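Report on the following structure.
Throughout, read-outs are computed from the coordinates displayed, never taken from laboratory work. All values derive from a computational prediction rather than experimental measurement. Don't worry about glycine lacking a Cβ; one is built from the backbone with ideal geometry, like all the others, and counts go over all protein chains shown.
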Amino acid sequence: MRLKYKPDFEETKKRWSYFWNKHLYKRPIVMSGCYKNPLKNGPSDVFSLRYYRAYNELWKQQIKIFNEFAESFDFLGDGVPSFAPDFGPDQFAAFYGAGLKFSEDSKNTSWVEPIIDDWDKFLPLKFNPKNETFQKILEYTRLITDDSKGKYLVSDIDKHSNIDTLLALKGAEKLCVDLCDRPEKIEKAMLDLRKDFPEICRLLYNAGIDNSGIGTTHYGFYSEKRFGVVQADFICMMSPEMFRRFVLPAIEEEIEYYDYSYFHFDGPGALPHLDDILSIKKLRVFQWQPGESQKPNFLWLDVLKKAQKAGKAVHVFGNSKQPLTPEIVKQLHRELDPVNVVYDGIAVKDRREFEELERWLENNS
């Protein structure tokens with residue numbers, strides 16, 4: 001199996017297979033990239049407007065722009081070139097009737113206005129497969145799938161499911177109040193969402209996210225089996241007791257749904273829940289996202305080592321102010337278990353510099 005934008009895909013598949021099975025194949029997983037030739041409109045045009053174009057059904061235009069980017073880009077290491085049919089972070093809420101909104105002055109993201117005022121009038125929550133936004137995502141997925149064959153893979157969508165869906169449907173302040181004043185309604189709503197999750201995933205996979213049996217991908221990660229990213233950003237506003245009651249069961253079920261899973265753990269406010277997340281046996285990859293104005297992910301060695309001690313792989317990366325360089329990777333390699341780490345977004349100027357790092361890792365693993 002060859003992909004136009006990833007000629008060494010077979011070797012990449014082999015390395016990911018070793019990773020998911022907790023074995024080392026020559027070196028740890030490393031992902032990077034650089035431009036082979038200049039890109040006409042710049043990388044920001046490829047990704048920053050993807051939600052806006054998806055929402056406005058500029059699908060063929062977006063696919064063309066992605067292909068122009070992929071033609072110009074050298075996907076180094078183990079990251080798999082892919083593109084997701086995303087409509088924005090609140091798309092799960094749109095599946096339940098909320099309307100996605102964009103501003104012409106801020107085209108980089110979308111949002112929804114809360115639509116739940118009275119729980120008694122809105123419950124039970126029930127996903128309708130004929131929902132307009134969902135049907136558009138399926139149509140867009142099929143279009144990307146047709147274009148992707150032999151070139152790249154279709155990525156899973158960004159699933160702000162479980163409590164993040166309620167956050168979008170109700171609004172943060174009112175949801176916080178309801179957690180205290182109407183906990184039985186939150187429990188009922190969460191149960192409704194949990195029941196719908198597998199069906200939503202099944203329909204998305206059948207539309208093309210399973211890549212005709214080739215495998216699944218997200219964030220450049222790849223698995224021949226069913227791989228998915230789980231998150232619950234709202235937990236930064238919850239006590240451990242509330243988290244365990246309302247959200248942890250949903251997270252555990254989503255992780256159980258996948259063959260291999262990844263948890264996106266976002267912001268210092270989430271740290272009180274770290275032990276609970278790391279205790280989930282089937283969770284394979286833990287991503288610590290420190291948040292704005294924080295030191296980069298790779299400097300939180302205490303969190304990364306704690307996750308590895310719990311048997312999880314860690315996703316390691318830098319930020320715009322402090323990128324993850326080859327020298328930093330070499331330093332971290334002495335601290336972190338190479339079987340349970342993914343180094344991502346390594347800042348290199350060309351393929352030669354990246355291959356030098358690969359050789360060093362192979363010789364020192």
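Here are the numbers for this structure:
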| item | result |
| --- | --- |
| Label-point separation, residue 146 to residue 206 (7 Å along Cα→Cβ), nm | 2.0 nm |
| Degrees separating the helix 183-204 axis from the principal Cα axis of the chain, which is the longest one | 50 degrees |
| Residue with peak Gaussian network fluctuation, the chain [Cα springs, cutoff 10 Å], from 235, 328, 251 | 328 |
| Nearest-ten-degree value, helix 248-257 long axis tilted from longest Cα axis of the chain | 50 degrees |
| Extension reserve of the residue 281-residue 35 stretch, reckoned as 0.36 nm per residue once the Cα distance is removed | 84.6 nm |
| For 359, 245, order by how many other beta-carbon atoms lie within 10 Å, fewest first | 359, 245 |
| Label-to-label distance, nm, for residues given as residue 123 and residue 104 (7 Å Cα→Cβ offset) | 4.2 nm |
| Helical mean residue ellipticity (222 nm; -39500 (n - 2.57) per DSSP H run of 4+; nearest 500) of the chain | -12000 deg cm²/dmol |
| Theoretical FRET efficiency, 1/(1+(r/R0)^6), r = Cβ-Cβ of residue 224 and residue 355, R0 35 Å, to 0.05 | 0.85 |
| Likely footprinting exposure, 117, 276, fewest C-beta neighbours within 10 Å first | 117, 276 |
| FRET E, pair residue 363, residue 239, Förster distance 41 Å, beta-carbon r, rounded to 0.05 | 0.30 |
| Signed unit charges on C-beta, dipole axis of region 9-281, positive-most listed residue 169, 83, 48 | 83 |
| Charge dipole magnitude, Cβ of K and R +1, D and E -1 - region 9-281, Cα centre, debye nearest 20 | 860 debye |
| Cross-link partners of residue 6 among lysines (Cα-Cα below 16 Å; sequence separation of 8 or more within a chain) | 14, 36, 149, 151 |
| Acute angle (nearest 10 degrees) that the helix 132-148 long axis makes with the longest principal axis of the chain, alpha-carbon atoms | 20 degrees |
| Residue 45-residue 139 FRET efficiency (beta carbon distance; Förster radius 22 Å; 0.05 resolution) | 0.40 |
| Residues of type aspartates and glutamates that residue 4 reaches as a straight line, Cα spacing below 14 Å, ignoring anything fewer than 8 places off in the same chain | 68, 71, 74, 147 |
| Ascending count of other beta-carbon atoms within 10 Å, so fewest first, for 263, 134, 47 | 47, 134, 263 |
| Among 277, 320, 331 the positive-end extreme of the charge dipole of region 250-344 (Cβ point charges) | 331 |
